[in-house]
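Shown next, in structure tokens, is the structure this report addresses.
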């Protein structure tokens, strides 16, 4: 750890020591906080609008426009920034029967375009238009290894799309290996392409993973997570010392694809 990082963590510990609870969005973030001496850490994950992000929004006209020869659509949604490592899809974009779709914008746009000349770049999309694009994908790929939660993975899952993501950070909590998608070694473009190829060749498995993905997140409504937040406030105000939900045991390491 550098001197600057050490100073930063000292300030983090000082601030959070005064809090009744520190809420972390994922077990990976909670583990980092605990490792740097922050205590009373609880999980508070994010919600998803499962009505907006819904498999029923799949649109065959969109699919024909993006994959006129019946290619398997492999999509990324998010900011195009260096830390997102979207260029790792370079090997994936060259796979037979695959068309990569990139939805989003950002400072790394030029780098990603050079790395993925075969891909469709659709820019930023929002609302129902974004939801239609999610649902029209066959596979969702996230490449960033530094996510504290990764909301786009959860939105893809709500859309009934299997997910491939790095075995790091927030996706560790979201993607169930071999059930809703695959976790691959971070920063490994070849491993990413291998996982994509496995799903490209197996349409029934894609459908099975997509259905399981939807089922895994459909109950995570914003109302439900809002109620969880209120419960955290009530517990702190009551000063009951209730430690139920405190992070004391984290997820075990997972095998990756």
Every residue from segment 155-179 that is closer than 16 Å to residue 207 by Cα, under 11 Å from the mean Cα position of the chain (by Cα) and not in a helix (DSSP H, G or I):
163, 164, 175
Which pairs turn up if I take residues in segment 1-27 that are in the same structural domain as residue 149 (by TED's automatic domain parsing) and look for partners that are surrounded by 10 or more Cβ atoms within 10 Å (Cβ to Cβ) and in a helix (DSSP H, G or I) with beta carbon separation below 6 Å, at least 6 apart in sequence or on another chain?
none
Failed item in (1) in contact with a strand residue (DSSP E or B) (Cβ under 7 Å, 6 or more places away or on another chain); (2) modelled with pLDDT under 95; (3) crowded, with 18+ Cβ neighbours inside 10 Å, with residue 182 passing the rest:
(2)
Run down 223, 193 and say which single residue is part of a helix (DSSP H, G or I) and either in the same structural domain as residue 19 (by TED's automatic domain parsing) or surrounded by fewer than 17 Cβ atoms within 10 Å (Cβ to Cβ) (or both).
223
Grab the strands (runs of 3 or more DSSP E) fully contained in segment 29-147, keeping just those with 3 or more residues being crowded, with 17+ Cβ neighbours inside 10 Å and within 18 Å of the chain's Cα centre (by Cα).
72-77, 98-103, 139-141
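The values are calculated or read from the model by the stated rules, or taken from the named source; none is laboratory data. Since the structure is predicted, the reported quantities are computational estimates derived from the model, not experimental observations. Cβ atoms come from the backbone with ideal geometry, glycine included; neighbour counts cover every protein chain shown.
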